[in-house]
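Below is one structure, written out as structure tokens; the observations come after it.
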Amino acid sequence: MAKKFLIVRTDRVGDVVMTTAIPREIRRVFPDAFIATLTQPNTSKIFENNPHVNLRITDDLSKNTFWDVVKQIRKHKFDYGLLTYPTERAAFQLFWGGVKKRIGVGRILYEVITLMKSVSRNKYIPLRHEADYCMDLTRKIGINTDNYQPEIHISETEKSEINKFIKDKGISEDTFKIILHTGSKNSAPNWSEDKYLELIIKIINKHKDKNFALLLTAFEMTPDFKSKIKSLNDNRIFDVSDDINDLRKLIKIISAADLMICSSTGPLHLADALDIKCIGFNCCQPMSSVKLWGVLNRKSVNLQVSEDFCNANCSDDKKQCGIEKGISTDDILKHIII
């Protein structure tokens, strides 16, 4: 009988992207496996069109869906539940859902109560990539792999849709498309909008005769920032943030890019999983570093604030990050090749 696996990650976009290699690696070892995911409704779209995923279960954490999820889990009689990031809610859902073998992270009290086996991150020593830590749960059940490159799948229909979207914006097929995502939802150290504006002006001036389109995708952009962008009066800049009505639309737009520029936040990891060249930038503190959260695809560039700069310019408790000055616009500009 085919084995049944449930992969669980109910936090944010970038975190869920880190689990996208797991279905592929399970399928490689168990070709006939039934593989399901448990995420929030929004992040479930990351697994849309994934050929290795048979079912997507969602849990709306803002609503009373706990027992609905338990019923769905119980219905499918899963052999394995992989809780890639510890949450009490999901641990009990796996327990009450009757998942036979449940693997979590650490030895948290609710994992002990629910009789869950676990893997340890050993206080992040030695520090490894988040996707690699997630893959530890598959290694625990005998699926050994060093391939933890994230992946997101785009259908041919979606490719046609996004090509039409780009064309309707007046962007030709041979135009070099750069996505600049200025937001982070406070999930990672980031530049100010003034610093991003400085970068945009430098891109325009350096590549004034080049055929490129600069697409702005962050819904957090302020009216003042948008006004300053408009005042540049450059028809190669496109604010497409209002066109992005859900996560899948953002994924499709990113899939059409030649280059993605972003701090270490969800959209950057989406681009990585879509195998888009990225210029990403990180703080050097371990929990925000390239080592843990850097872009993995080999065509990309990871920039990181130096430890010396951090020690000299960040607050003693490291809560105030100096990434604004620690990575310059010129640091990024030299990697933009149109």
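Of all residues in the stretch 144-167, count the ones that are outside any helix (DSSP H, G or I), farther than 12 Å from A21 by Cα and either in contact with a strand residue (DSSP E or B) (Cβ under 7 Å, 6 or more places away or on another chain) or open to solvent by less than 50 Å² (accessible area, probe 1.4 Å) (or both). Of the residues in that region, 2 qualify. Within the stretch 261-312, being over 22 Å from T20 (Cβ atoms), in contact with a strand residue (DSSP E or B) (Cβ under 6 Å, 6 or more places away or on another chain) and surrounded by fewer than 23 Cβ atoms within 10 Å (Cβ to Cβ) holds for L303, Q304.
Selection of first residues in the stretch 155-180 that are closer than 13 Å to L250 by Cα and of second residues that are of a type in the set (F, W, Y) and open to solvent by less than 60 Å² (accessible area, probe 1.4 Å), restricted to Cβ pairs under 9 Å at least 6 apart or on distinct chains, gives the following pairs, ordered by first then second residue: L180/Y196.
Anything in the stretch 290-315 that is in contact with a Leu (Cβ under 7 Å, 6 or more places away or on another chain) and either of a type in the set (S, T, N, Q) or assigned to a helix (DSSP H, G or I) (or both)? List them, or say none.
K291, L292
Between a residue in the stretch 123-137 that is without any contact (Cβ under 8 Å) to a residue 24 or more places away in the chain and any residue that is buried (at least 21 other Cβ atoms within 10 Å of the Cβ), which pairs come within a Cβ distance under 7 Å, given they are 6 or more apart or on different chains? If the second residue must be buried (at least 21 other Cβ atoms within 10 Å of the Cβ), the pairs left are D132/Y148.
State all residues of the stretch 77-104 that are open to solvent by 10 Å² or more (accessible area, probe 1.4 Å) and either more than 27 Å from the chain's Cα centre (by Cα) or polar (S, T, N, Q) (or both); if no residue qualifies, say none. Scanning the stretch 77-104 gives K77, D79, T87, F95, W96, G98, K100, K101. Inside the stretch 34-55, residues that are part of a loop (DSSP other than H, G, I, E, B) and either under 13 Å from the mean Cα position of the chain (by Cα) or of a type in the set (F, W, Y) (or both) make up a count of 1. Among the conditions (1) within 23 Å of A273 (Cβ to Cβ); (2) surrounded by fewer than 17 Cβ atoms within 10 Å (Cβ to Cβ); (3) touching a Gly at 6+ places or on another chain (Cβ under 8 Å), the only one that P31 does not satisfy is (3).
The values are calculated or read from the model by the stated rules, or taken from the named source; none is laboratory data. Everything quoted here is computed from the prediction, not taken from an experiment. Positions of Cβ are backbone-derived with ideal geometry, glycine not excepted, and every protein chain shown enters the neighbour counts. Remember, those area values only see protein heavy atoms, side chains included, never the ligands or the DNA or RNA. Shrake-Rupley method; radii C 1.70, N 1.55, O 1.52, S 1.80 Å.
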